[in-house]
Structures are given as structure tokens and as C-alpha cells.
């Protein structure tokens with residue numbers, strides 16, 4: 001069974017969010033659901049989406065597409081020891097990191113990504129790893145109490161755990177935040193609420209287009 005069947009973002013402006021994610025992820029993206037919500041939230045919501053791409057030119061192309069669609073730049077794309085990447089914030093408040101481990105372009109530049117990773121910022125990585133392992137998720141990579149990545153198949157959203165403060169620092173924001181995560185997951189672990197308040201629903205199969213509730 002897949003770790004994640006669907007990632008639902010709860011947004012205040014469904015039309016604007018639909019336009020943004022269609023521009024960045026492609027129309028009728030299989031990766032996200034969108035749901036109307038006016039639940040109170042402020043500051044860092046405790047998670048980020050990472051789009052992993054094949055080369056620096058694709059990072060720039062995707063960042064440009066995101067900004068054109070209404071995103072705010074949190075970290076301009078730049079080189080680092082591990083590669084090249086930048087961070088933007090979608091109109092609904094979701095933080096999106098776009099990055100590659102490659103140092104040079106090796107093919108035509110396109111606004112395409114190879115992998116999407118949902119990183120949950122948690123207080124205790126080891127305890128949360130155990131929580132999900134007990135609910136049937138298979139660990140793919142684990143680096144002690146710093147980072148955990150769960151197994152996922154091709155074209156699936158990959159789930160990973162990172163310390164909340166470290167994740168906020170990587171995103172370029174304060175770790176402080178209150179209210180709803182405005183994120184609902186469905187899949188193998190659900191229904192449940194994890195140690196940091198992230199909500200899972202029962203597995204529902206493949207993600208669908210934007211919905212209202």
C-alpha cells in the first residue's frame with residue numbers, strides 16, 4: 001500500500017490556489033487535492049513541499065513559473081555545497097522548495113520536476129518515525145534523529161520527516177506558528193492524528209481534482 005494516496009491542502013481561495021498549482025505542477029496534477037477552508041492559521045504551518053528537479057535551469061524555470069503564478073520568493077535560487085535551489089511561498093501560504101543536486105545543466109531547460117516530497121516538521125523525528133512505522137509505512141532512508149524518508153513508488157508523493165526548526169530555517173521563515181496546518185493526508189497510516197497534529201484520513205485511492213466542502 002502506498003504511504004500517501006492523496007495530499008489535501010486547505011485553502012482560503014480555491015480559485016487562486018487552483019490557478020497556482022496548475023501553473024506549477026501542471027493541469028489536473030495527480031499530486032494534490034485542494035479544499036476550501038477558513039480555519040485559522042498563522043506563521044509557519046509545519047511542512048513544506050519540495051520539488052526535486054534534474055538540473056539548475058529547471059529550478060530557475062519552475063521558480064519563474066511559480067512567481068508568475070503569484071508566489072512570493074522566500075529564498076532566491078542559489079548555489080550551495082549540495083547543489084542549487086530556491087524557496088517560494090504559494091498564494092495559499094504553502095512553502096515550496098525547488099532544488100537539484102546537479103551543478104550544471106545537462107539537457108534542454110524545462111519547468112519540469114522529477115519528484116515531489118512532503119516534509120513534515122516534527123519535534124521528535126525518532127518518535128514520529130516509530131509512530132508511522134507502527135502504522136505500516138516502510139522507512140527508505142534514516143539519519144538518526146535528524147531526517148527520515150519513507151519509501152514511495154514512482155510518481156508518488158514521498159513523505160519525509162525533519163526537525164521543525166531545521167525545516168523552517170531551510171525554508172527561510174520563523175519556526176513559530178499557530179492554528180491549523182491546513183494539510184490533510186490520506187493513505188496507509190490513516191485515520192489518525194500524529195504526534196505533531198498532522199491529520200490523516202483513511203486511504204481513498206488516487207487523488208482527484210480540486211474539490212469544495
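The values are calculated or read from the model by the stated rules, or taken from the named source; none is laboratory data. All figures in this text were calculated on a predicted structure; none of them were measured in a lab. Neighbour counts run over all protein chains shown; Cβ positions are idealised from the backbone, glycine included.
Taken over the range 10-52, the residue count meeting the criterion of being at negative phi, over 12 Å from the mean Cα position of the chain (by Cα) and not in a helix (DSSP H, G or I) is 18.
Exactly one residue out of 108, 91 is in contact (Cβ under 8 Å) with a residue 60 or more places away in the chain and out of contact with any strand residue (DSSP E or B) (no Cβ under 8 Å at 6 or more places or on another chain): that is 91. Condition check for residue 172 on (1) within 17 Å of the chain's Cα centre (by Cα); (2) under 22 Å from residue 21 (Cα atoms); (3) loosely packed, with under 15 Cβ neighbours inside 10 Å: one failure, at (3). Only a single criterion out of (1) under 21 Å from residue 165 (Cα atoms); (2) touching a residue at least 40 places away in the same chain (Cβ under 8 Å); (3) surrounded by fewer than 22 Cβ atoms within 10 Å (Cβ to Cβ) is not satisfied by residue 142, namely (2).
For the range 73-82, which residues satisfy the criterion of being free of Cβ contacts under 8 Å to residues at least 24 places away in the same chain and either at positive phi or assigned to a strand (DSSP E or B) (or both)? Within the range 73-82, 73, 76, 77, 78 meet the criteria.
Determine if the range 53-70 includes at least one residue that is within 15 Å of the chain's Cα centre (by Cα), crowded, with 19+ Cβ neighbours inside 10 Å and touching a residue at least 60 places away in the same chain (Cβ under 8 Å). Scanning the range 53-70, I find at least one residue that is within 15 Å of the chain's Cα centre (by Cα), crowded, with 19+ Cβ neighbours inside 10 Å and touching a residue at least 60 places away in the same chain (Cβ under 8 Å), so the answer is yes. Here is a check on your reading of the model: is residue 112 within 19 Å of the chain's Cα centre (by Cα), surrounded by fewer than 16 Cβ atoms within 10 Å (Cβ to Cβ) and not in a loop (DSSP other than H, G, I, E, B)? It is false that residue 112 is within 19 Å of the chain's Cα centre (by Cα), surrounded by fewer than 16 Cβ atoms within 10 Å (Cβ to Cβ) and not in a loop (DSSP other than H, G, I, E, B). With respect to the conditions (1) at pLDDT below 95; (2) not in a loop (DSSP other than H, G, I, E, B), residue 166 lacks only one, and its number is (1). Taking the criterion of being farther than 28 Å from residue 30 by Cβ, in a loop (DSSP other than H, G, I, E, B) and out of contact with any helix residue (DSSP H, G or I) (no Cβ under 6 Å at 6 or more places or on another chain), the residues of the range 174-197 that qualify are 174, 176.
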